[in-house]
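To keep things clear, I will list the structure first and then write my remarks on it.
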Amino acid sequence: MSNTAENLRKEPLLRVVKRAELPTGKIILLRLLAVLLSLIAGGIFIACVGQNPFVIYMTIISGACRSVMAFQGTIKLMIPLLITSLGVTLAFKMKFWNIGAEGQIIFGATCATFFALFFSGLNHVLLILIMFLSGFIGGGLWGLIPAVFKVKYNTNETLFTLMLNYIALHIVSYLRDGPWMDPGSQGFPKIARFDKNASLDKLFGIQFGWLIALILVVLVFLYLKYAKQGYEISVVGESQDTARYAGMNVKKIVLRTMFLSGGICGLAGMIQATGSDITLTTSVAGGVGFTAIIIAWLAQLNPFAILLVSFLFSVLEKGSSVVQSNFGLSTDCADVLQGIILFFILGCEFFIRYRFLFREGNHGTDTVKKEKEG
Amino acid sequence: MKKFLSLLAVLAMVVSLCACGNNQAPAADTVQSTDDSGAETGAQTAAGVMPAIAKEDIKVGVIHITDPAEGSGYTYTHDLGIQGMQKNIGLEDSQIVRKNNVNDSDATAIENAIRECIEEGCNVIFATSWGFMDTCEALADEFPEVIFSHGTGYKSNGTNFNNYFGRIYQARYLAGIAAGLKTESNKLGYVAAMGQDNSEVTGGINAFAMGAYSVNPDCEVYVKVTNSWFDPEGETQAAQALVDLGCDVIAQHCDTPNPQTVAEQNGVWGVGYNSDMSKDAPGAVLTSVMWDWSVYYTFAVQSIIDGTWSGENYFGGMNEGLVTIAPLSDLCADGTQEAVEAARNQITKEGFNVFDGVIETNDGSTVGADGSTLSDGEITGSMNWYFKNVVVK
């Protein structure tokens with residue numbers, strides 16, 4: 001007995017304990033609660049800067065969906081987010097920490113831009129096809145580099161993919177300031193706007209990248225769920241030793257998956273450059289590669305959930321921009337608001353998996369708590 | 001590998017399917033555009049190329065590269081111009097939509113900002129930064145009933161997309177006189193946003209250098225380029241580097257007042273830009289090269305109301321009141337006031353246009369001819385040489 005008491009004293013005041021699996025209903029309830037709490041906390045912030053929170057929230061939603069044109073704008077923001085989230089999902093499923101989507105987007109866009117700038121005279125369908133392939137392969141190669149080093153020398157893929165982001169970005173800066181500079185721009189460093197022939201066509205008033213994104217949702221879902229390769233990815237993700245024991249070629253799977261992951265991100269870059277920006281700029285990725293990581297995890301790597309979450313993110317972003325102009329609220333305020341909402345929702349994921357234990361509690365209360373939760 | 005190839009093939013098929021499937025797209029677009037143009041039914045007058053818009057129906061969208069709240073530089077000055085226009089014409093607050101912090105290298109952000117303005121009913125768009133140009137050009141095509149007016153670039157379409165800028169070089173010439181009279185080291189520093197190829201910046205440097213040369217043939221202008229219109233840190237560093245090179249007057253063509261603050265900290269002098277920067281660095285600023293954009297914004301909106309919008313490019317100067325210099329501070333050398341006034345008279349009354357006659361460049365060649373002056377096209381488009389006393393550092 002005294003032994004237990006001593007143990008209790010040694011315990012820290014607060015301890016984090018992994019929870020038993022919660023029932024689905026309870027998880028959903030917790031998440032809704034988190035959303036509610038984030039809205040309240042965000043509301044307090046809005047009230048502090050002298051605005052009515054309810055009006056601001058309504059404006060965010062109406063600003064994103066109030067008209068056909070607004071909705072088109074929201075979807076346009078969603079396209080790169082959605083595709084990139086799908087791309088990083090493949091790598092994450094394998095527990096390969098690809099945080100280099102930003103660079104893969106940029107390099108994919110750069111490869112596609114090469115054809116947009118110098119082969120703009122080709123047949124339209126052929127040119128678009130070539131640009132799709134080059135975007136995919138470009139992004140794929142950019143993703144393959146860290147994978148090769150990982151399987152050969154066991155380098156840290158988190159750092160490696162992150163560093164490649166900056167290299168890709170500076171390649172664009174170099175091309176923009178030098179070889180690819182718009183000759184008509186009078187010294188202003190920019191790449192020329194693409195020829196109409198080299199830009200994506202529109203479908204229902206939005207570049208048809210949205211259709212590709214939707215198709216990719218289904219393809220990635222089928223690939224992960226039903227394809228043999230998808231199964232291999234999850235086995236490697238759970239345990240490389242198990243995969244090896246089962247006779248899988250782990251190296252090959254890692255290389256293949258990272259090529260696909262980077263390729264899909266590169267596709268996002270190509271679609272952004274040729275469909276939305278109609279040029280290549282240093283903002284072609286614009287943080288999408290990082291936001292996509294959050295989206296993929298919030299959606300628990302489920303492609304259909306990714307579709308929903310990336311839509312909600314786009315609504316928030318598009319709506320915030322309307323709030324800025326309608327209420328003169330600085331764009332920084334919108335960023336703070338987004339941060340608050342993310343903080344609560346990501347925090348909630350923590351509480352779904354873990355809970356706190358206080359030192360005061362003896363074993364008895366511990367079990368009581370567990371019972372309550374059950 | 002085989003499977004991977006087949007995956008690629010499937011992808012290619014999907015892609016080609018999509019490419020074929022989007023033929024209906026233009027139809028959807030046209031419907032939308034005609035929908036919008038139906039709203040305006042003003043009669044087209046003889047002088048204008050666009051239908052008149054009644055004062056109460058005017059809605060102005062302003063695309064700013066930063067936030068007017070920065071309080072001193074480019075965006076602040078443009079927004080003062082918008083406020084001045086609003087007052088002059090008598091528009092309601094609800095008739096102005098501002099989009100702040102629109103990244104001028106993010107084409108999608110620019111397009112979204114402009115579309116949001118149009119969606120809220122804006123029929124006039126003022127896009128103030130160079131990088132907004134290509135997007136304006138494309139959207140002017142898509143929304144023929146909306147008037148796009150773009151500052152500082154070079155593109156226009158003669159109807160609903162024009163370009164506006166001004167003879168800021170006239171004011172820079174005057175500022176050069178103040179700087180040339182003040183300098184003791186005979187080294188003037190100049191923080192430039194863009195390099196030699198950019199006519200706007202290079203023309204400004206030349207005018208400043210020529211103004212200084214006219215009163216002090218011994219002085220040189222040291223130029224440092226930041227390669228960005230808005231780079232607080234880079235502008236600070238460039239100004240400090242110029243001070244370290246021995247410059248004792250720091251002039252600038254960039255957005256923040258940082259070069260002036262650096263000058264003040266180092267106990268040297270400076271020439272501000274955009275607004276009167278003596279509020280930022282009272283111990284250093286001799287004068288500032290200033291824009292009064294309300295002159296253009298009022299002119300443009302009034303001409304739209306009157307139905308006389310011509311779609312022509314605007315290139316105003318000192319005579320219109322678009323450009324000027326701030327009142328000279330007490331820091332200026334004796335006799336500066338007289339010299340500046342004399343030059344101002346030459347420009348406004350005697351037809352002196354700064355780039356007159358034969359001009360010697362810093363690579364030993366010459367530009368221009370006796371008895372003539374450079375055309376506006378040469379000033380805005382092909383000024384890619386430096387005046388003889390300019391040194392790039």
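The values are calculated or read from the model by the stated rules, or taken from the named source; none is laboratory data. Here the structure is a predicted model, which means the values were calculated and not measured. As a convention, Cβ positions derive from the backbone with ideal geometry for all residues, glycine included, and neighbour counts pool all protein chains shown.
Residues that are more than 9 Å from chain B (Cβ to nearest Cβ) and in contact with a strand residue (DSSP E or B) (Cβ under 9 Å, 6 or more places away or on another chain) were ranked within segment A:258-301; the one that is nearest to A:Lys202 (Cα to Cα) is A:Gly275.
For every residue, the table says whether it meets (1) at pLDDT below 90; (2) more than 19 Å from A:Val336 (Cβ to Cβ); (3) of a type in the set (Lys, Arg).
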| position | (1), (2), (3) |
| --- | --- |
| A:Gly25 | yes, yes, no |
| A:Leu37 | no, no, no |
| A:Gln51 | yes, no, no |
| A:Ile56 | yes, no, no |
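Somewhere in segment B:190-201, is a residue part of a helix (DSSP H, G or I), within 20 Å of the chain's Cα centre (by Cα), more than 30 Å from B:Ala52 (Cβ to Cβ) and at pLDDT below 90? Within segment B:190-201, one or more residues are part of a helix (DSSP H, G or I), within 20 Å of the chain's Cα centre (by Cα), more than 30 Å from B:Ala52 (Cβ to Cβ) and at pLDDT below 90.
Inside segment A:120-134, residues that are under 17 Å from A:Thr279 (Cα atoms) and free of Cβ contacts under 8 Å to residues at least 24 places away in the same chain make up a count of 1. Which number in (1) crowded, with 20+ Cβ neighbours inside 10 Å; (2) free of Cβ contacts under 8 Å to residues at least 24 places away in the same chain marks the one condition that A:Pro183 misses? Unmet condition: (1).
Residues of segment A:181-215 that are more than 7 Å from every other protein chain (Cβ to nearest Cβ), of a type in the set (Phe, Trp, Tyr) and assigned to a loop (DSSP other than H, G, I, E, B): A:Phe194 alone.
Results for (1) more than 14 Å from every other protein chain (Cβ to nearest Cβ); (2) of a type in the set (Asp, Glu); (3) more than 11 Å from B:Arg172 (Cβ to Cβ), shown as yes or no for each residue.
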position: B:Val191; (1), (2), (3): yes, no, yes
position: B:Val201; (1), (2), (3): no, no, no
position: B:Asn206; (1), (2), (3): yes, no, no
position: B:Met210; (1), (2), (3): yes, no, no
position: B:Cys219; (1), (2), (3): yes, no, yes
position: B:Val223; (1), (2), (3): no, no, yes
position: B:Thr226; (1), (2), (3): no, no, yes
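Looking only at segment B:336-353, filter to residues that are outside any loop (DSSP other than H, G, I, E, B) and within 23 Å of the chain's Cα centre (by Cα); which one of those is farthest from B:Thr373 (Cα to Cα)? Only one residue tops the list, namely B:Arg344.
Of all residues in segment A:42-71, those satisfying the criterion of being of a type outside the set (S, T, N, Q), away from chain B (no Cβ under 14 Å) and surrounded by 15 or more Cβ atoms within 10 Å (Cβ to Cβ) are A:Gly42, A:Gly43, A:Phe45, A:Ile46, A:Pro53, A:Ile56, A:Tyr57. Under the condition of being more than 14 Å from chain B (Cβ to nearest Cβ) and surrounded by fewer than 24 Cβ atoms within 10 Å (Cβ to Cβ), the residues counted in segment A:72-93 number 2.
Among the residues of segment B:92-112, those that are without any contact (Cβ under 8 Å) to a residue 60 or more places away in the chain and more than 7 Å from chain A (Cβ to nearest Cβ) comprise B:Glu92, B:Asp93, B:Ser94, B:Gln95, B:Ile96, B:Val102, B:Ala109, B:Ile110, B:Glu111. For B:Ala238, state whether it is within 27 Å of B:Ile347 (Cβ to Cβ) and surrounded by 24 or more Cβ atoms within 10 Å (Cβ to Cβ). No. Please specify each residue of segment B:129-187 satisfying the condition of being over 19 Å from B:Phe315 (Cα atoms), assigned to a loop (DSSP other than H, G, I, E, B) and within 14 Å of chain A (Cβ to nearest Cβ). Once the filter is applied, which keeps residues that are over 19 Å from B:Phe315 (Cα atoms), assigned to a loop (DSSP other than H, G, I, E, B) and within 14 Å of chain A (Cβ to nearest Cβ), segment B:129-187 yields B:Phe143, B:Val146.
Hey, among the residues in segment A:186-240 that are of a type in the set (Ser, Thr, Tyr) and out of contact with any Gly (no Cβ under 6 Å at 6 or more places or on another chain), which one's surrounded by the most Cβ atoms within 10 Å (Cβ to Cβ)? The extreme case among them is A:Ser199.
Screening segment A:331-359 for residues that are small (Gly, Ala, Ser) and exposed (fewer than 15 other Cβ atoms within 10 Å of the Cβ) and picking the one that is farthest from A:Phe290 (Cα to Cα) gives A:Gly347. Residue count for segment A:181-235 satisfying the condition of being basic (Lys, Arg) and farther than 22 Å from A:Gln300 by Cα: 4. Just one residue in the set A:Ile130, A:Ile106 is within 14 Å of another protein chain (Cβ to nearest Cβ), surrounded by 24 or more Cβ atoms within 10 Å (Cβ to Cβ) and assigned to a helix (DSSP H, G or I); that residue is A:Ile106. Number of residues in segment B:284-321 that are free of Cβ contacts under 8 Å to residues at least 40 places away in the same chain and among the small types (Gly, Ala, Ser) equals 1. Entry remark, segment B:204-230: residues being surrounded by fewer than 24 Cβ atoms within 10 Å (Cβ to Cβ) and either within 16 Å of the chain's Cα centre (by Cα) or outside the structural domain of B:Leu286 (by TED's automatic domain parsing) (or both) number 4 in total.
The single condition from (1) out of contact with any Lys or Arg (no Cβ under 9 Å at 6 or more places or on another chain); (2) within 12 Å of another protein chain (Cβ to nearest Cβ); (3) buried (at least 22 other Cβ atoms within 10 Å of the Cβ) that A:Trp142 fails is (2). The set of residues from segment B:66-99 being within 30 Å of B:Thr261 (Cα to Cα) and either modelled with pLDDT of 90 or more or more than 20 Å from the chain's Cα centre (by Cα) (or both) comprises B:Thr75, B:Tyr76, B:Thr77, B:His78, B:Asp79, B:Leu80, B:Gly81, B:Ile82, B:Gln83, B:Gly84, B:Arg98, B:Lys99. The residues of segment A:219-229 that are closer than 18 Å to A:Cys265 by Cβ and more than 10 Å from every other protein chain (Cβ to nearest Cβ), listed by number, are A:Val220, A:Phe221, A:Leu224. Screening segment A:160-180 for residues that are outside any helix (DSSP H, G or I) and farther than 13 Å from A:Thr281 by Cβ and picking the one that is modelled with the lowest pLDDT gives A:Gly178. Scanning segment B:366-385 for residues that are exposed (fewer than 14 other Cβ atoms within 10 Å of the Cβ) and among the hydrophobic types (A, V, I, L, M, F, W, C) turns up just one, B:Ala369.
Among residues of segment A:282-311 that are closer than 18 Å to A:Leu219 by Cα, those with a Cβ under 8 angstrom from a residue that is among the basic types (Lys, Arg), sequence gap 6+ or separate chain, pair up as A:Leu301/A:Lys93.
Only one of the numbered conditions (1) farther than 30 Å from A:Ser173 by Cβ; (2) within 14 Å of chain A (Cβ to nearest Cβ); (3) not in a loop (DSSP other than H, G, I, E, B) is not met by B:Ala69, and that is (1). Selection of segment B:281-312 for residues being assigned to a loop (DSSP other than H, G, I, E, B) and touching a helix residue (DSSP H, G or I) at 6+ places or on another chain (Cβ under 9 Å) yields B:Ala281, B:Pro282, B:Gly283, B:Ala284, B:Asp292, B:Trp293, B:Thr308, B:Trp309, B:Ser310. In segment A:257-374, counting only helices (runs of 4 or more DSSP H) that sit wholly within it, the ones holding 3 or more residues that are of a type outside the set (D, E, K, R), under 20 Å from the mean Cα position of the chain (by Cα) and at pLDDT 90 or above span A:288-298, A:303-327.
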